[in-house]
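Participant: If you scroll down you'll find the structure; I have some questions about it.
The values are calculated or read from the model by the stated rules, or taken from the named source; none is laboratory data. Remember, predicted model here, so these are calculated numbers, not experimental data. Here the Cβ is made from the backbone with ideal geometry for all residues, glycine too, and neighbour counts use every protein chain on show. What goes into the accessible areas is simple: the full protein's heavy atoms, side chains included, and nothing from ligands, DNA or RNA. Shrake-Rupley method; radii C 1.70, N 1.55, O 1.52, S 1.80 Å.
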Amino acid sequence: MSDAVDAIIGQWEAERPDLTDALWPVQVIGRLQRLGRILEKEIKTFAAERGLEMGEFDVLTTLQRSGPPYELTAGAFRKAAMVTSGAITNRIDRMEAKGLVERVRDTDDRRAVKIRLTERGHEVTSAFMKDHLANEARLLADFGREGSEELAAQLRRLLEAFGDTSIK
């Protein structure tokens, strides 16, 4: 069975036979890029069907997994999401209007503002996360758990090679 990446490689081999031996990275990088776009679209659609944007889901899950008191500074979000302060401010504004998060002043430094998960935010995150994991399992159904773990090990190795070893 062949895929779009095989077709692209075949086109390059026909156009530039001198590159045939150098095309091997396209087998991995091309597939990772295509897969990233496909998965992002699937998950974005899944979130939208539940009234959330991907950025909002990211904020909710980041707060939830941070543990009590389920709060982080806006700066911590900017660093984790690699977005501008304006983008994170807009995201938090929308989420605050939905009752998912609240802004609270840091008791140690009144200039600092923390973003805290509300009770409604906890409820939405808990319900969404259960469905999200089931959806991801659906997306990987052809691989199964064992195949997914093997793939995860190889992807982890690739990420480690690029120095992506921690979210902190």
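Participant: Using mean Cβ contacts within 10 Å as the protection proxy, how do 124-136, 103-115 order, highest first?
Facilitator: 124-136, 103-115
Participant: Moving on. How far, in degrees from 0 to 90, does helix 54-65 lean away from the longest principal axis of the Cα atoms of the chain, to the nearest 10?
Facilitator: Rounded to the nearest ten degrees, it is 60.
Participant: Keeping to pairs on different chains or 8 or more places apart, tell me how many lysine pairs in the chain have Cα atoms under 21 Å apart.
Facilitator: Counting lysine pairs in the chain gives 8.
Participant: What FRET efficiency comes out for residue 141 versus residue 112 if R0 is 45 angstrom and r is the Cβ-Cβ distance? Round to the nearest 0.05.
Facilitator: With a Förster radius of 45 Å, E is 0.50.
Participant: Averaged per residue, what accessible area in Å² does the chain show with a 1.4 Å probe, protein chains only?
Facilitator: On a per-residue basis, 71 Å².
Participant: Among 51, 162, 23, whose Cα sits farthest toward the positive end of the charge dipole of the chain (+1 at Cβ of Lys/Arg, -1 at Cβ of Asp/Glu, about the Cα centre)?
Facilitator: Of 51, 162, 23, it is 51.
Participant: Treating each Cα of region 85-134 as an identical point scatterer and ignoring solvent, apply the Debye formula and state log10 I(q)/I(0) at q = 0.14, 0.17 Å⁻¹.
Facilitator: -0.44, -0.60
Participant: With angles folded into 0 to 90 degrees, how steeply does helix 85-97 sit against the dominant principal axis of the chain? Use alpha carbons for both and round to 10.
Facilitator: Once rounded, one gets 60 degrees.
Participant: Ranked highest first by average number of other Cβ atoms within 10 Å, how do 1-9, 88-96 line up?
Facilitator: Highest-to-lowest ranking by the protection proxy: 88-96, 1-9.
Participant: Moving on. Work out, step by step, the length gained on full extension between residue 23 and residue 39: first 0.36 nm times the residue separation, then minus their alpha carbon distance; give nm to one decimal.
Facilitator: The span from residue 23 to residue 39 would gain 3.3 nm if fully extended.
Participant: A follow-up question, please. Quick one: Cα centre-to-centre distance for region 19-50 and region 113-134, in angstrom?
Facilitator: Taking the Cα centre of each part, region 19-50 and region 113-134 sit 27 Å apart.
Participant: How big is the charge dipole of region 1-84 about its Cα centre, in debye rounded to the nearest 20, if each Lys and Arg gets +1 on its Cβ and each Asp and Glu gets -1 on its Cβ?
Facilitator: I would put it at about 380 debye.
Participant: Which value in deg cm²/dmol, rounded to the nearest 500, describes the helix-derived mean residue ellipticity at 222 nm for the chain, given -39,500 (n - 2.57) per DSSP H run of n ≥ 4 and division by the residue count?
Facilitator: -21500 deg cm²/dmol
Participant: Mind giving me the nanometre distance, one decimal, between the label points for residue 53 and residue 150, set 7 Å out from Cα along Cα→Cβ?
Facilitator: Modelled inter-label distance: 4.0 nm.
Participant: Beyond 21 Å, what percent of the Cα pairs of region 81-168 remain?
Facilitator: 59
Participant: To continue, here is another question. Computed over the Cα atoms of region 1-56, what is the convex hull's projected area averaged over all directions, in nm²?
Facilitator: Reported value for the Cα convex hull: 5.1 nm².
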